[in-house]
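**Q** Can you keep this structure in mind? I'll have questions shortly.
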Amino acid sequence: MNSGIPSYFAVDKSYQTIPVGHVSHFSVIVNDPNYDFFVLAGISKNELFSKLVMQNMNIKEGRAFDTNISNISSHLPTDKLKIITKNISAYNTATSDNLQAIISKYKDIFLKMDVGGSEYLWILTQSSEKMFRFKQMVISFHNVNDNPTQARAINKINAFKKILETHIIANIRSHQNKLTITYIRKAVMSVPENVTSNEIISNIASESS
């Protein structure tokens with residue numbers, strides 16, 4: 001019987017998951033260790049999550065990206081996380097970062113991303129080989145059903161589908177007008193690695209149409 005849930009939101013419940021963080025600011029992760037870097041894209045008011053993940057997963061270093069750093073959480077492990085005053089975006093500019101320098105250097109990255117809508121285009125501009133370097137990702141998708149143009153809706157669906165080329169969904173949580181999805185990397189990628197950046201970008205619909 002069709003439950004009405006899109007295939008790109010199908011959850012594999014075989015993974016052991018645990019809630020991590022403050023009772024009102026928690027996220028769910030797969031209890032799977034061994035990471036070489038931690039990326040926090042969007043710093044929240046309570047970063048107990050980042051502290052506990054880095055501590056218990058023995059992640060020795062990472063980067064935290066955000067331009068709003070006037071009220072940094074006391075839990076943020078600044079001894080391990082260097083703060084970068086840039087936003088995460090599809091492109092690398094003076095005020096934004098596309099994480100390419102990190103992706104090229106590390107291969108088992110833990111990503112926690114909550115960037116207010118830019119997550120869709122960032123995903124679409126990454127090759128599958130680059131996405132495969134993220135061992136686990138906890139991504140908060142904003143305004144999933146708010147699509148003033150058909151192009152925006154297409155880009156969102158393509159972003160969800162793209163991640164499934166390299167990752168499996170272990171958990172989905174709906175809260176505060178967003179979906180927070182926990183992804184764990186597949187054992188093997190299901191698509192060829194030799195996709196060029198131009199081919200990726202050409203598949204992004206223009207949202208200004």
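**Q** If you check Ile172, Ile163, Ile154, Ile168, which single one turns out to be in contact with an Asp or Glu (Cβ under 7 Å, 6 or more places away or on another chain), modelled with pLDDT of 85 or more and not aromatic (Phe, Trp, Tyr)? Show your work before the answer.
**A** On the way: Ile172 fails: in contact with an Asp or Glu (Cβ under 7 Å, 6 or more places away or on another chain); Ile163 fails: in contact with an Asp or Glu (Cβ under 7 Å, 6 or more places away or on another chain); Ile154 fails: in contact with an Asp or Glu (Cβ under 7 Å, 6 or more places away or on another chain).
Criteria check complete, one pass: Ile168.
**Q** Of Ser14, Ser44, which residue is among the small types (Gly, Ala, Ser) and farther than 19 Å from Arg185 by Cα?
**A** Details: Ser14 fails: farther than 19 Å from Arg185 by Cα.
Result of the check over Ser14, Ser44: Ser44.
**Q** Oh, and also: In segment 5-41, which residues are surrounded by 15 or more Cβ atoms within 10 Å (Cβ to Cβ) and part of a strand (DSSP E or B)?
**A** Passing the criteria: Thr17, Val20, Ser27, Val28, Ile29, Val30, Phe37, Phe38, Val39, Leu40, Ala41.
**Q** Which members of segment 43-83 meet the condition of being free of Cβ contacts under 8 Å to residues at least 24 places away in the same chain and either farther than 21 Å from Val20 by Cα or touching a strand residue (DSSP E or B) at 6+ places or on another chain (Cβ under 7 Å) (or both)?
**A** Ser70, Lys82
**Q** Something else now. Would you mind finding the one in Ser74, Ser50, Ser44 that is modelled with pLDDT under 95, surrounded by 18 or more Cβ atoms within 10 Å (Cβ to Cβ) and not in a strand (DSSP E or B)? Steps first, please.
**A** Numbers: Ser74 fails: surrounded by 18 or more Cβ atoms within 10 Å (Cβ to Cβ); Ser50 fails: modelled with pLDDT under 95.
Result: Ser44 is the single residue among Ser74, Ser50, Ser44 that is modelled with pLDDT under 95, surrounded by 18 or more Cβ atoms within 10 Å (Cβ to Cβ) and not in a strand (DSSP E or B).
**Q** Within segment 91-106, restricting attention to residues that are part of a loop (DSSP other than H, G, I, E, B) and out of contact with any strand residue (DSSP E or B) (no Cβ under 8 Å at 6 or more places or on another chain), which residue is least open to solvent (accessible area, probe 1.4 Å)? Even if it seems obvious, please write down each step before you answer.
**A** We begin by selecting, within segment 91-106, every residue part of a loop (DSSP other than H, G, I, E, B); these are 91-95, 98-99, 106.
When the remaining residues are screened for being out of contact with any strand residue (DSSP E or B) (no Cβ under 8 Å at 6 or more places or on another chain), the result is 91-94.
Details: Tyr91: 119, Asn92: 97, Thr93: 66, Ala94: 93 Å².
Here the residue is Thr93.
**Q** Sticking with this one: Output the number of the condition that Ala64 fails; it satisfies all remaining conditions of (1) in a loop (DSSP other than H, G, I, E, B); (2) under 27 Å from Asn34 (Cα atoms); (3) not basic (Lys, Arg).
**A** With (1) in a loop (DSSP other than H, G, I, E, B); (2) under 27 Å from Asn34 (Cα atoms); (3) not basic (Lys, Arg) applied to Ala64, the lone miss is (1).
**Q** Could you tell me which numbered condition Lys86 fails, if it satisfies all but one of (1) under 24 Å from Gln100 (Cα atoms); (2) surrounded by 13 or more Cβ atoms within 10 Å (Cβ to Cβ); (3) in contact (Cβ under 8 Å) with a residue 24 or more places away in the chain?
**A** (3)
**Q** Restrict the check to segment 92-109 and report whether at least one residue is in contact (Cβ under 8 Å) with a residue 40 or more places away in the chain, under 16 Å from Gly21 (Cα atoms) and of a type in the set (D, E, K, R).
**A** Scanning segment 92-109, I find no residue that is in contact (Cβ under 8 Å) with a residue 40 or more places away in the chain, under 16 Å from Gly21 (Cα atoms) and of a type in the set (D, E, K, R), so the answer is no.
The values are calculated or read from the model by the stated rules, or taken from the named source; none is laboratory data. Worth saying up front: this structure is predicted, and the values here are computed from it rather than measured. Cβ coordinates were reconstructed from backbone atoms using ideal geometry, including for glycine residues, and neighbour counts include every protein chain displayed. When the accessible area is computed, the model is the full protein with side chains, heavy atoms only, and any ligands, DNA or RNA have been set aside. Shrake-Rupley method; radii C 1.70, N 1.55, O 1.52, S 1.80 Å.
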